[in-house]
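The values are calculated or read from the model by the stated rules, or taken from the named source; none is laboratory data. Small disclaimer: the values here were computed from a predicted structure and weren't measured. A quick note on method: Cβ atoms are made from the backbone with ideal geometry, for glycine too, and the neighbour counts reach across all protein chains shown. When the accessible area is computed, the model is the full protein with side chains, heavy atoms only, and any ligands, DNA or RNA have been set aside. Shrake-Rupley method; radii C 1.70, N 1.55, O 1.52, S 1.80 Å.
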Amino acid sequence: MAIIKSLLIFILAGLFEIGGGYLVWQWLKEGKPLWYGLLGGVILALYGVVATWQTANFGRVYATYGGIFIVLALLWAWKVDGFKPDRYDIIGAGIALIGACIIIYMPRNV
């Protein structure tokens, strides 16, 4: 159950970071109104808060999040922007996700 809770926190943090970044991108690169950028900034700040809900230390959490972010970013690009990941995107994301899970979830002798 702890792993599922942790994964859900990573996913929520990822959605906040990607969603916030996407809104800022839309404002600065696509000419959307200022409120897109402001809302994006608030959502990005919330991402920072959500990441603190993990129980591991900062280094492991952020290293793991990097791998999970890769997968989420490709899913976002596919579903929101119509970008179609190719097999190398999928293979690379899978490798990153496996590495991320090893970093955060493997038992350690402490």
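For the stretch 38-82, the alpha carbon convex hull comes to 75 Å³ per residue, rounded to a whole number.
Computing FRET efficiency as 1/(1 + (r/R0)^6) for VAL49 and ALA2, where r is the C-beta to C-beta distance and R0 is 22 Å, gives about 0.65. Computed from Cα positions, the angle between helix 87-105 and the longest principal axis of the chain comes to roughly 50 degrees. Along the axis of the charge dipole computed for the chain (Cβ charges of +1 for Lys and Arg, -1 for Asp and Glu, origin at the Cα centre), the listed residues LEU23, ASN109, VAL61 are led at the positive end by ASN109. In plain terms, the chain from MET106 to GLU30 could stretch by 23.1 nm, reckoned as 0.36 nm per residue minus the Cα-Cα distance. Taking label points 7 Å from Cα along the Cα-to-Cβ direction, LYS79 and ILE98 give a separation of 2.5 nm. Taking Cα atoms, how many degrees apart are the long axis of helix 2-30 and the longest axis of the chain, rounded to 10 and kept between 0 and 90? The angle comes out at about 20 degrees. Per residue, the accessible area of the chain comes to 66 Å², computed with a 1.4 Å probe over protein heavy atoms only.
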